[in-house]
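Comments concern the structure below.
The values are calculated or read from the model by the stated rules, or taken from the named source; none is laboratory data. Please read these numbers as outputs of a predicted model, since none were measured by experiment. Please note: Cβ atoms are built from the backbone with ideal geometry, for glycine as well, and neighbour counts cover all protein chains shown.
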């Protein structure tokens with residue numbers, strides 16, 4: 001696998017896994033309010049299983065392809081925000097605030113320092 005293919009596979013799998021994890025962590029707030037917390041926890045664990053089935057191979061592919069541990073973590077954080085913001089706005093009907101922009105800029109700084117400095 002080339003370095004680009006490794007990065008592309010890692011990012012794609014991490015993005016997909018993060019989508020599942022975002023639903024596992026927050027989807028129950030919209031759909032299971034009337035259910036006991038343990039029902040929400042069981043549903044979330046089921047969704048999280050799908051997340052782990054994507055996240056573990058993503059990290060293994062990335063690490064084996066030369067992405068170091070710190071780079072994998074920062075990459076995950078950037079992907080987390082990139083998935084969370086549209087989820088919060090479009091799915092959970094939250095307002096877009098300046099905090100998302102500032103957090104994104106901080107993460108871009110983290111990407112620069114972990115990958116290029």
Subset of region 54-72, residues farther than 13 Å from residue 7 by Cα and exposed (fewer than 14 other Cβ atoms within 10 Å of the Cβ), comes to 56, 69, 70
Of the residues in region 17-43, those that are surrounded by fewer than 18 Cβ atoms within 10 Å (Cβ to Cβ) and part of a helix (DSSP H, G or I) come to 25, 26, 29, 30, 31, 37, 38, 39, 40, 41, 42, 43
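Please verify whether region 68-81 includes one or more residues that are closer than 18 Å to residue 29 by Cβ and assigned to a helix (DSSP H, G or I). Break it down stepwise before answering.
In the first step, residues of region 68-81 are kept if they are closer than 18 Å to residue 29 by Cβ; the result is 80.
Now drop any that are not assigned to a helix (DSSP H, G or I), which leaves 80.
Scanning region 68-81, I find at least one residue that is closer than 18 Å to residue 29 by Cβ and assigned to a helix (DSSP H, G or I), so the answer is yes.
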Could you say whether any residue in region 54-64 is closer than 19 Å to residue 8 by Cα and outside any helix (DSSP H, G or I)? no
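The rows are residues; the columns are (1) modelled with pLDDT under 95; (2) over 14 Å from the mean Cα position of the chain (by Cα).
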| position | (1), (2) |
| --- | --- |
| 1 | yes, yes |
| 15 | no, no |
| 53 | no, no |
| 61 | no, yes |
Q) Does region 94-103 include one or more residues that are closer than 23 Å to residue 116 by Cα and at pLDDT 95 or above? A) no
Checked pairs for region 68-80, first under 11 Å from residue 107 (Cα atoms), second surrounded by fewer than 13 Cβ atoms within 10 Å (Cβ to Cβ) and modelled with pLDDT under 95, C-beta under 8 Å and 6 or more apart or across chains, list as 78/108
Counting only residues in region 88-117 that are under 18 Å from residue 27 (Cα atoms) and in a helix (DSSP H, G or I), the one nearest to the chain's Cα centre (by Cα) is identified as 88
